[in-house]
Number of protein chains: 4
Amino acid sequence: MDCSFNMKPRWERRKDARPQELLAAALDLFVERGFASTRLEDVAKRAGVSKGTLYLYFTNKEELFKAVVRNSVVPAIDAAEEDIAGFSGHSAELLRRVVHGWWDRMGKTNASGIIKLVMAEAGNFPDLAKFYQEEVIVRGTRAMATMLDRAVARGEFRPIDINVMTQVLVAPVLMLMTWKHSVGPCAHDQLDPTAFIDAFLDMALNGLLPPPAVQP
Amino acid sequence: MDCSFNMKPRWERRKDARPQELLAAALDLFVERGFASTRLEDVAKRAGVSKGTLYLYFTNKEELFKAVVRNSVVPAIDAAEEDIAGFSGHSAELLRRVVHGWWDRMGKTNASGIIKLVMAEAGNFPDLAKFYQEEVIVRGTRAMATMLDRAVARGEFRPIDINVMTQVLVAPVLMLMTWKHSVGPCAHDQLDPTAFIDAFLDMALNGLLPPPAVQP
Amino acid sequence: MDCSFNMKPRWERRKDARPQELLAAALDLFVERGFASTRLEDVAKRAGVSKGTLYLYFTNKEELFKAVVRNSVVPAIDAAEEDIAGFSGHSAELLRRVVHGWWDRMGKTNASGIIKLVMAEAGNFPDLAKFYQEEVIVRGTRAMATMLDRAVARGEFRPIDINVMTQVLVAPVLMLMTWKHSVGPCAHDQLDPTAFIDAFLDMALNGLLPPPAVQP
Amino acid sequence: MDCSFNMKPRWERRKDARPQELLAAALDLFVERGFASTRLEDVAKRAGVSKGTLYLYFTNKEELFKAVVRNSVVPAIDAAEEDIAGFSGHSAELLRRVVHGWWDRMGKTNASGIIKLVMAEAGNFPDLAKFYQEEVIVRGTRAMATMLDRAVARGEFRPIDINVMTQVLVAPVLMLMTWKHSVGPCAHDQLDPTAFIDAFLDMALNGLLPPPAVQP
DNA sequence: AATGAATGAGTATTCATTCAT
DNA sequence: TATGAATGAATACTCATTCAT
């Protein structure tokens, strides 16, 4: 008995899936090895196609990388922007929600390894650095700043220098992402991401909330 | 009578100065390009010698890198350990002093770019990762943990999970160092390191100091 | 209409023929220059391909060498073993046949130059020495010893120390091969290989055959 | 108490010994590694001097090699020529004496490894090949031919083609020398040089002596 | 669409030789 | 004499990209 009667032939079934398979393979390898050290042949092999096929979908290595970023990092930014725009509660809760959402949507996936690679290879590939700067960093920073603006405006956070505090709040999360994909795996004491985030949020909110009003 | 016609010799014999010149050149290039992408020929050229000369002083690329780390990063760790061991005041002041010292001794120099490179290329060069882990990360983490221990023991910081908080406190400084040598230079709004550190310390100390005792 | 203007393509796709062309080129150059001094780029050039192409077929220089040996020397050993196993006449005739066969199949080709290279570079490339020892020397020696065993057992040669005589009989042929590819070409009196082999066989058989039975 | 009172200072004591020490070191390394692969720095180190010193005594690598040959190989040729010229007994005895003398004076020393190296690297260093051809091969061959001439002229050997038989008789000894410095050391069954030479002489003389006169 | 053979620029490392001291 | 620091040409191997099939 032939069970394959309604199976589409392999090439057709896969036609639309190809780019996604390549992007997934590329993300994994870029994060593991970095941009320059990732061999396109390995990307193709991991996606189950030949080197030539990769070039049918992506003009060159840089374009492949940009597609990976658009596919895995940018959506997380979109989501964060929506979170912030649609939220109406207390800003402390919003900060918690944004940071946790960021970690859940990006940190836990391999997408969190991209930032490490960008930071390390920005100097060698200025085009990629510029692209990432514009598509990710500027937008991400703006979202965080918007959130702090709101918090201060509503009197929910102490008055602070928004621009600087944006960086301060973003730093630990970026570091956690970077850590996870670099020395983390070979560190002696493993770092628990959730504990890290909670401790950080705890400290930050302690430090940001206005002092309790003094009772007369 | 001077017959020398102001001719420069083909090369100059400078045995003692060479290693430092080479280490300085190597640090600059490693930080700018990363480990794998730095060409030893460029290191030599920047130090004003030929490729072969470099090999008179360093066995190979990995040993050159280790020498760079020992020369530029390890001394900063030494200094931090001494700071902590010899301090007798309030822990808030100690934290401030350590973080500022760290930035002044390392952050402001190119040595701060090393961490970026290690994080990015640890996977590709396991020997280097192990070396850095042992010589720098373990010692640095231990120093910070020691400081927090002291702070909590003296009742100067709230009770906290030392290990996690160590990471949380270290993260922003590492990030600042990384940032400075990667996307920082091409970012639209420049980040002021001192403002960043002050804001971070302010927030952290607000978050870490024990609540003021309530007056009866 | 022919628009091709007789343009040659940048390269030709010849997957099946390539390895043999590369092996032939490699044999020639290895014999001419030795293992260490043969440049893979020259091998590729002689085979009409680029350096990179060579690496599509052979992992590295050592594997290329092994492939050359398997391709040009080992078959001659196989043939000699078969000659000996299938022969049923007088051992003097067998010795003649084996030595002549050896010369015809190997000596006359460039394969005879391999032994020179192995002897000279064994110390520098222990892996190659081991490989050659196992694949060629052991088998070749065993074949010659088998032949002498048979000869003595059948009373066709005088009783002799098989192991030592094996070496003694092999030596002149190896030397002839070595000679041909080294100082031979620049010697003043050219050496005629056939005359050499005949003189050697003549002398050897005179020395090996048992004394004629004395008439009573 | 100073016991060194009649010791010459080191530099003076060694002054004349230097070239000999360098030649000895060079012989060892050339034989072990070959001409191209021998590093002059290693030669100098083994002789206990610096690289620069070597150049005070020998213009370059090729001249060093020639000096080695003149120092270690040529004297053996001289001795063989004298042996032959001064001998008055039976030619079988002379052949034995020459072969054994050759082995004792050269074969047992590292000088026997030179021939291996010449054969292997003749193609890459034509000047060296030419030098060796003229200084060693031509003279050695002439000596052996002289001996055979004498043997046949005196009716002590059967009539033979002198030129060819010269090569045939020389071949096993050359091979033994080559073997000793190449695959010999890593061969499974060690080859006993004396047994080899005896077996070879035995076979050769059996094959060369005239048939015993038939009794009427 | 898909393949994979072919290309060739790029780089760490070695070593004979030179020469200032 | 003697040293050893400095040089730079030389070579195995890699990999992004192209293109005939």
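The values are calculated or read from the model by the stated rules, or taken from the named source; none is laboratory data. Since this is a predicted model, take the numbers as computed values, not measurements. Cβ placement follows ideal geometry from the backbone for every residue including glycine, while neighbour counts extend to all protein chains displayed. Side chains are part of the model used for accessible areas, which takes the heavy atoms of the whole protein and leaves out ligands, DNA and RNA. Shrake-Rupley method; radii C 1.70, N 1.55, O 1.52, S 1.80 Å.
Failed condition for A:Ser182, given (1) part of a helix (DSSP H, G or I); (2) within 11 Å of chain B (Cβ to nearest Cβ); (3) crowded, with 21+ Cβ neighbours inside 10 Å, with all others met?
(1)
Can you name the residue in the range A:50-73 that is among the basic types (Lys, Arg) and within 22 Å of the chain's Cα centre (by Cα) and is also nearest to DNA strand E (Cβ to nearest atom) among such residues?
Out of the qualifying residues, it is A:Lys61.
Among residues belonging to the range C:3-27 that are more than 13 Å from DNA strand F (Cβ to nearest atom) and among the charged types (D, E, K, R), point out the one that is modelled with the lowest pLDDT.
C:Arg18
Can you find a residue in the range D:152-171 that is under 29 Å from C:Leu128 (Cα atoms), in contact with a helix residue (DSSP H, G or I) (Cβ under 9 Å, 6 or more places away or on another chain) and of a type outside the set (S, T, N, Q)?
Yes, the range D:152-171 has at least one match.
So which residues in the range B:38-74 are aromatic (Phe, Trp, Tyr) and free of Cβ contacts under 8 Å to residues at least 24 places away in the same chain, if there are any at all?
B:Tyr55
What tally of residues in the range C:20-49 results from selecting those that are away from DNA strand E (no atom under 13 Å from the Cβ) and open to solvent by 20 Å² or more (accessible area, probe 1.4 Å)?
Count: 6.
Pick from the range D:28-60 the residues that are away from every other protein chain (no Cβ under 14 Å) and closer than 19 Å to D:Asn124 by Cα: which of them is nearest to DNA strand F (Cβ to nearest atom)?
Restricting to residues being away from every other protein chain (no Cβ under 14 Å) and closer than 19 Å to D:Asn124 by Cα, the top hit is D:Leu40.
Could you list all residues from the range C:166-179 that are facing another protein chain (nearest Cβ under 8 Å) and more than 17 Å from D:Lys180 (Cα to Cα)?
Across the range C:166-179, the qualifying residues are C:Leu176, C:Trp179.
Could you give every pair whose Cβ atoms fall below 6 Å, whose first residue belongs to the range A:111-132 and is more than 7 Å from chain B (Cβ to nearest Cβ), and whose second residue is outside any helix (DSSP H, G or I), counting only separations of at least 6 or pairs across chains?
Listed pairs, sorted by first residue: A:Ala111/A:Val73; A:Gly113/A:His181; A:Ile114/A:Val73.
Just to be sure I understand, how many residues within the range A:150-165 are of a type outside the set (Asp, Glu) and either at the interface with chain B (Cβ under 10 Å from one of its Cβ atoms) or within 16 Å of B:Val170 (Cβ to Cβ) (or both)?
Total satisfying the criteria: 5.
For the range C:50-167, give me every one of the helices (runs of 4 or more DSSP H) that falls completely inside it and has 1 or more residues that are of a type in the set (Lys, Arg), over 30 Å from D:Ser37 (Cα atoms) and open to solvent by less than 50 Å² (accessible area, probe 1.4 Å).
C:138-153
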